[in-house]
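Written below as structure tokens is the structure these notes are about.
Quick note: the coordinates plus some simple rules give every number you see, no bench work behind them. Note that the coordinates shown come from a computational prediction; the quantities given were computed from them, not determined experimentally.
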Amino acid sequence: MGLLCDVWHKCRIQQAIVQDNDELAPPQTVQALPPEDKLEHGLCNCVLVQVIDDADVVGVAGHRAAQLRLVFRPKLSHNHPLHNVPLAYVYWFSEFTTTQPNLKMYRVEYQRDTRNHRVGSVIKLQSIRRLIQLVPVYGARMNPALTSVNSMDLWRKYYVNSFFNKETYQAVW
């Protein structure tokens, strides 16, 4: 039996710039590397996902932050509505409700179920609007085990870095 889906560990996304829907922003590479010996938790980028079809490109209404875990395309019959449609599995963060006005950043945390597991779902890859950067909310003490490789797994709360680039600032804040 053959593979049931194609899987990618990296892909490039390209969206219109915030100020002009007719002009494209430079493409961005997003990663969803699985766990391995050197990357115990994998290496998965965070993205801004449009969750409401008619959401405005400016502001966070109709959008959620998510961690990209897998990019795939199931091998389905030609008449299936998802035939040849790239999909993504993501872990969701909380909605954009808590702001840090003095920092001009939103604070989010992993959405968890009643058993404290991260909540995830499958989305269409085209609903990803842009790569975003999350910064751990350190608090009074920083965990000495924190590295750039494990920061998304050791922390629970993060700031959405509005200053990651001009497009992110205009889209998020």
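Averaged over all directions, how much area does the convex hull of the C-alpha atoms of the chain cover when projected, in nm²?
12.9
Determine the alpha carbon to alpha carbon distance for each of 104/157; 104/124; 10/75 and list only those over 21 Å.
Pairs exceeding the cut-off: 104/124.
Starting from the Cα gyration tensor of the stretch 29-76, take the square roots of the eigenvalues, sort them a ≥ b ≥ c, and report rounded, prolate or oblate (rounded when a/c is under 1.5, otherwise prolate if a/b is larger than b/c, else oblate).
oblate
Which far-off residues, 5 or more places away or on another chain, put their amide H under 5 Å from the one on residue 39, with H placed in the peptide plane?
Long-range HN contacts for residue 39: none found.
Please turn the phi angles of the stretch 45-62 into ³J(HN,Hα) values with the Karplus equation 6.51 cos²θ - 1.76 cosθ + 1.60 (θ = phi - 60°), one per residue in order, whole Hz, x for glycine and proline.
Going residue by residue, I get 6, 9, 9, 9, 10, 7, 9, 10, 3, 9, 5, 5, 6, 9, x, 9, 4, x Hz, with x marking Gly and Pro.
Determine the shape class of the stretch 1-59: with a ≥ b ≥ c the square roots of the Cα gyration tensor eigenvalues, call it rounded for a/c under 1.5, and otherwise prolate if a/b is greater than b/c, oblate otherwise.
Here the stretch 1-59 falls in the prolate category.
Once you sort the root eigenvalues of the Cα gyration tensor of the stretch 69-116 as a ≥ b ≥ c, which label holds: rounded (a/c under 1.5), prolate (a/b larger than b/c) or oblate (the other case)?
Judged from the Cα gyration tensor, the stretch 69-116 comes out prolate (a/c at least 1.5, a/b above b/c).
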